[in-house]
Each structure stands twice: as structure tokens, then as C-alpha cells.
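Inspection log for the structure reproduced underneath, given as C-alpha cells.
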Amino acid sequence: MIEIKSLSHSFGKKLVLDNIDLTVPDGTVLGIVGINGAGKSTLLRLLAGVYDSKGCVLYDGKSPSLAKTRKDIFFLPDDPYYTATSTPEKTFAFYKAFYPNIDKVVFDSLISKYAINPKLPLRSFSKGMRRQVFIALALAAKPKYMLLDEAFDGLDPLSRKIFKDAIIKLVEDENTTVLISSHSLRELEDFCDKFVLIDNNKIKNQGDIAEHVASMCKFELAFLQEISKESFEGMPIVSLEIKGRFATVVLEGESTEMRRRLESLNPAVMDELPLDFEEAFIHDVESERRE
């Protein structure tokens, strides 16, 4: 279990994270979301022990600064380090010094699926290909805790599928806890259990992704005459867009009950539209800005 208590961090006078509290149970796949500069990468670096921090981070009650704790943690940053002479083979050998039990069979299998030559220098690879190599290392290490920053960046759709399938298998087989930040929220929705939204230096929302998306519903309505915002007063509106006789509304609540309330406006046509995690995220952030 990961425990984060009163965690804060600043760069100079700029406060990035302010008094963060979070508990992540074992076997959880947690998506960390937020706009650019919200502090997602900083949080992962603090959890990996890259930065010193004000507050407390514990893995099973132990500090990540301890060697016996670090061997259970694999942190994959957005820009992993490699040298001019690094190849996939040499990089695997380097990581084996830190992760003695890293699985060469798993690594070779993933490298093969990605169609990567293990003897070529990483500097000759595209960003996506280098990302594939480091993802293969992370999965082969089979850590208890995996921290992934912008994990899907540069990956093509097939590579993303291979990656997601491998993470799901790792969680099922090893009970690995995965914390992953990404701007690709539709990808996170596919396989994350939980989410944390960071905004204005704090955790603004967290919970089960499916439950959060289900807590809102979206409708498109058409009326015989022009409609005004005042007609929707008293409803739990997340967002409302009106264009003449047409309205698109996102409401907080169970869809059947919200449909019943909207029917009281006597629309000529009413259709419920799908709502995904990306839209829910946008509405969360916009709502925070309005407060």
C-alpha cells in the first residue's frame, strides 16, 4: 500500500503541490490526471524519491529512500535517460544491476512484439520506439509498484494495446500497483480502476472511474420554440449549451431521474448521448475554474 501524507513541493517560490493526502491499495491501477503543469510528473517523482519533499511517502510503511524499498519501485519518467552507446541489450544489462530478478524472457518477448532490433543504439530510434524499450524494461522488472509518467506518449495504437494488455496481466499475476499519468484519458479509462484529479496544487477529485462517469449524464434536446437557460434552473447542471431551439446539457445524477426532470420542459426530441472520462474530466476542471 502507498500512503501519502501532507505532501507538498515547491520549485523556488512556485508551489506545485500543496498538502496532498492519498492512499493507494495494493493491486490498484490509478490514473493521475490534470491539465499541463498541474503537478502530475512532480507527484510521481516525489513518490519515486527523485525529489526531497515536505510530507511523508510510505510503501508498506517504509520510505522510498531505503534500498530494500527502491527495488520494489520502477519509475518510468517521460524522458528516460540513455547514453549515446545504449542499446536495448545494454540497457537491460544496466537495469539488471538494480532489479536482479528482471525477466529476460518477458523483455525479449515484448521487444520482439514491438519489432525492435536489440543491438541498435537507442539514439537511432524514434521517441515511440525508445518508449517501447523502457516499457518492456518496466514490465520485465515485475515491480510491486510501477510509476509511469505519460506512458502512452509516442506510442502507436498497436503498441498501446500491447502495453495495456501487458499491464493488466502484470496486475493480475503479480498484484502490482500501477500509478500512471497521461493526457490520453480515453486510454486510462480502458484499464484504470481509480483516478486522481490534480488541479491548483491539490487533489480536487478522486474515486472509481466508472462510477464517476456514471454519476453524470448528457442529453441533447430540441424544442418547438427557443429555450432559455432559466428553464433549466434548479437542475444539477454540470454544463449547458443552448443554440436557439437546441440544448445540450450535462447533469449530475442518475440518467433515468434526469430524463424525467428534463421531460418536464416538454422537448420535442430528447436523446441521451454517451459521456466518457475525458468529458467528465473537462467538466470537472471547468467547474473548478468557475468556483
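Scanning region 235-251 for residues being surrounded by 14 or more Cβ atoms within 10 Å (Cβ to Cβ), out of contact with any His (no Cβ under 9 Å at 6 or more places or on another chain) and within 26 Å of SER184 (Cβ to Cβ) gives a total of 1.
Condition (residue is within 26 Å of GLN132 (Cα to Cα) and surrounded by 15 or more Cβ atoms within 10 Å (Cβ to Cβ)) applied to region 98-105: is it met by at least one residue? Within region 98-105, one or more residues are within 26 Å of GLN132 (Cα to Cα) and surrounded by 15 or more Cβ atoms within 10 Å (Cβ to Cβ).
Filtered by the rule that a residue be open to solvent by 80 Å² or more (accessible area, probe 1.4 Å), touching a Phe, Trp or Tyr at 6+ places or on another chain (Cβ under 9 Å) and outside any loop (DSSP other than H, G, I, E, B), region 48-87 gives a lone residue, ARG70.
From the list SER181, SER215, SER124, SER231, which one is at negative phi, hydroxyl-bearing (Ser, Thr, Tyr) and open to solvent by 60 Å² or more (accessible area, probe 1.4 Å)? None of the other options fit; the residue is SER124.
Can you confirm whether region 4-22 contains a residue that is modelled with pLDDT of 90 or more and within 16 Å of the chain's Cα centre (by Cα)? Checking region 4-22: at least one residue is modelled with pLDDT of 90 or more and within 16 Å of the chain's Cα centre (by Cα). Just so you know, in region 154-178 the residues that are out of contact with any helix residue (DSSP H, G or I) (no Cβ under 8 Å at 6 or more places or on another chain), farther than 24 Å from THR23 by Cβ and of a type outside the set (Asp, Glu) include one that is surrounded by the fewest Cβ atoms within 10 Å (Cβ to Cβ), and it is PRO157. Screening LEU46, LEU17, LEU30, LEU110 for residues that are in contact with an Asp or Glu (Cβ under 8 Å, 6 or more places away or on another chain) and of a type in the set (A, V, I, L, M) leaves exactly one candidate, LEU30. When PHE195, PHE134 are checked against the criterion of being touching a Pro at 6+ places or on another chain (Cβ under 8 Å), in contact (Cβ under 8 Å) with a residue 40 or more places away in the chain and of a type outside the set (A, V, I, L, M), PHE134 stands alone in meeting it. Among the residues here, ASP21 qualifies as under 21 Å from THR177 (Cα atoms) and not aliphatic (A, V, I, L, M).
You will find that of PRO25, PRO80, the residue that is more than 27 Å from ASP284 (Cα to Cα) and under 22 Å from the mean Cα position of the chain (by Cα) is PRO80 and no other.
The values are calculated or read from the model by the stated rules, or taken from the named source; none is laboratory data. Computed from a predicted structure; not experimentally measured. For neighbour counting, all protein chains shown are included, and Cβ atoms are generated from backbone atoms with ideal geometry for every residue, glycine included. For the accessible areas, the whole protein counts, side chains as well, though only heavy atoms, and no ligand, DNA or RNA atoms are used. Shrake-Rupley method; radii C 1.70, N 1.55, O 1.52, S 1.80 Å.
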